[in-house]
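J.: First the structure, which I've put down as C-alpha cells, then a few questions once you've had a look.
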Amino acid sequence: MSALPGPPPSSPDPGVELLERALGYTRGALATVTPAHLCLPTPCERWRLADLLAHMEDSLDAFAEGAGGAISLRSAAPAPLEERISTLQTKACDLLGAWTAATTPQVEVGGRAMPVRTISRLAAVEIAVHGWDVGRTTGAGEPIPTELAEEILPTALALALEHHGEFGPPVPVPADAGPDRRMLALLGRRASHRS
C-alpha cells in the first residue's frame, strides 16, 4: 500500500517541547503563591508579585495568540487577583494546546514576520524566567532545571544582545556558574549560589 500524495508532514517544533517543560516548571512556582505574597517585590524591577502575575497572564495570552500566526501586542485586562493563579494555570494549558496544534511557519509580531521556532523559544524563556521570579519572591521556588536552562540559554543570549528592555541588563556571574545562573544573569537576575 502506497502513501497518499500530499505535502510531506512537517517536523514538530522542538520549541514546543521546550515550552512544555518551561510551563511545567512555572506551574510549580505558581503553586507556592499565597495572598500574602502578592505585595512582595520581585526580581523584576519596580514590580510587586501581583504586577508580575498580571504581566505573565498578558504574555500567555500573547503567545497563545501567536500560535495562530500573529501577536497583536495589545494588553487585556488581567483576571481579578483572587482568580489569577487558577487563570494562569488554565492559560498555560491552553497555550501548550495552541502551540501543539499550530501549523503556521511564521508569526507576525508588530508587523514583523518571525519564524515560529523563534517565538516558541522566546515563550519558553519568558515563562521559565518569570516562573523563577515567582519562586524567588515566595521563597519556595526551585532552581530552573539544568537541562532546561542549557536549552534556553542561546535564546536568552540573543535577548540580552538585542536588549529591548524586556528584561533587566545582564549582571556578572562567576566563570564556573552553571547554565541556570548564566541564563538568569543574561536577563538581569542574580541567582543564589544554590541555583
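J.: Tell me the label-point distance for the pair L161, C39, using the 7 Å Cα-to-Cβ offset, in nm and rounded to one decimal.
T.: A separation of 4.4 nm, rounded to one decimal place.
J.: For a label point 7 angstrom out from the Cα of Q106 toward its Cβ, which stretches of the range 43-71 have the backbone nitrogen within less than 20 Å?
T.: Under cut-off, by backbone N: 63-71.
J.: Related question: Which ³J(HN,Hα) values, rounded to whole Hz and listed in residue order, are derived for the range 116-128 from phi using the Karplus coefficients 6.51, -1.76 and 1.60 in 6.51 cos²θ - 1.76 cosθ + 1.60 with θ = phi - 60°, glycine and proline given as x?
T.: Computed from phi, the couplings for the range 116-128 are 4, 5, 5, 5, 5, 6, 4, 4, 4, 5, 4, 5, 5 Hz.
J.: With only Lys, Arg, Asp and Glu charged, each at its Cβ (+1 for the first two, -1 for the last two), find how big the charge dipole of the chain is about the Cα centre; round to the nearest 20 debye. The partial results should precede the final answer.
T.: Working: 16 positive and 23 negative charges, 70 e Å.
Here the size comes out at about 340 debye.
J.: For the chain, divide the Cα radius of gyration by the Kirkwood radius and give the resulting Rg/Rh value with two decimals. Numbers along the way, then the final one.
T.: Values: Rg = 17.2 Å, Rh = 17.3 Å.
Value, to two decimals: 0.99.
J.: Rounded to the nearest 500, what is the 222 nm mean residue ellipticity of the chain from helices alone, with -39500 (n - 2.57) per DSSP H run of 4+ residues and division by all residues?
T.: Calculated at 222 nm, the ellipticity per residue is -17500 deg cm²/dmol.
J.: Among G168, H55, P80, which residue has its Cα positioned farthest towards the positive end of the charge dipole of the chain, with +1 placed on the Cβ of Lys and Arg, -1 on the Cβ of Asp and Glu, and the dipole taken about the Cα centre?
T.: Value computed over the given set: G168.
J.: Per q in 0.14, 0.30 Å⁻¹, report the Debye log10 I(q)/I(0) for the range 47-88, using one uniform scatterer on each alpha carbon and no solvent.
T.: At q = 0.14, 0.30 Å⁻¹ the computed log10 ratios are -0.31, -1.03.
J.: With θ taken as phi - 60° and the coefficients 6.51, -1.76 and 1.60, list the Karplus ³J(HN,Hα) couplings across the range 131-147 in order, rounded to whole Hz; mark glycine and proline as x.
T.: x, 5, 4, 4, x, 5, 5, 6, x, 10, x, 9, x, 5, x, 4, 5
J.: Dipole of the range 120-186, Cα-centred, from +1 at each Lys and Arg C-beta and -1 at each Asp and Glu C-beta, to the nearest 20 debye?
T.: Details: 4 positive and 10 negative charges, 27 e Å.
The dipole magnitude comes to about 140 debye.
J.: Another one. So how tilted is helix 49-66 from the main axis of the chain? Cα-based, degrees 0 to 90, rounded to 10.
T.: With rounding to tens, the tilt is 10 degrees.
J.: Report the one residue of H37, G131, S120 whose Cα lies farthest in the direction of the positive end of the charge dipole of the chain (charges on C-beta: Lys and Arg +1, Asp and Glu -1; origin at the Cα centre).
T.: Farthest along the dipole direction, towards plus: H37.
J.: Moving on to the next point. Take the solvent-accessible surface of the protein heavy atoms, probe 1.4 Å, and return the percent of it on the chain that carbon and sulfur atoms account for.
T.: Details: 6010 of 10450 Å².
Exposed carbon and sulfur together represent 58 percent of the surface.
J.: Once you put a point 7 Å from the Cα of E142 and another 7 Å from the Cα of V171, both along the Cβ direction, what distance in nm separates them?
T.: Once both label points are built, they end up 2.3 nm from each other.
J.: Can I ask one more? Provide the solvent-accessible area of D61, counting protein heavy atoms only and rolling a 1.4 Å probe, rounded to the nearest 10 Å².
T.: Near enough 50 Å² of accessible area.
J.: Under a 5 Å amide H to amide H cut-off, with H placed in plane at 1.01 Å, what residues pair with V109 once short-range neighbours are removed?
T.: Residues meeting the criterion, in which the H sits 1.01 Å from N, are I71, M114.
J.: Counting only residues 5 or more places away or on other chains, whose amide H sits under 5 Å from the amide H of V173 once H atoms are built in the peptide plane?
T.: Under 5 Å from the amide H of V173 lies no amide H from a residue far enough along the sequence or on another chain.
J.: Please list 3J(HN,Hα) in residue order for the range 151-168, calculated via the Karplus relation 6.51 cos²θ - 1.76 cosθ + 1.60 where θ = phi - 60°; whole Hz, with x for glycine and proline.
T.: The phi angles translate into 6, 9, 4, x, 5, 4, 5, 4, 5, 5, 5, 7, 5, 9, x, 5, 10, x Hz.
The values are calculated or read from the model by the stated rules, or taken from the named source; none is laboratory data. Note that the structure is predicted; figures quoted are calculated from it, not measured. As a convention, Cβ positions derive from the backbone with ideal geometry for all residues, glycine included, and neighbour counts pool all protein chains shown. Quick note on the areas: whole protein, heavy atoms, side chains included, nothing else; ligands and nucleic acids left out. Shrake-Rupley method; radii C 1.70, N 1.55, O 1.52, S 1.80 Å.
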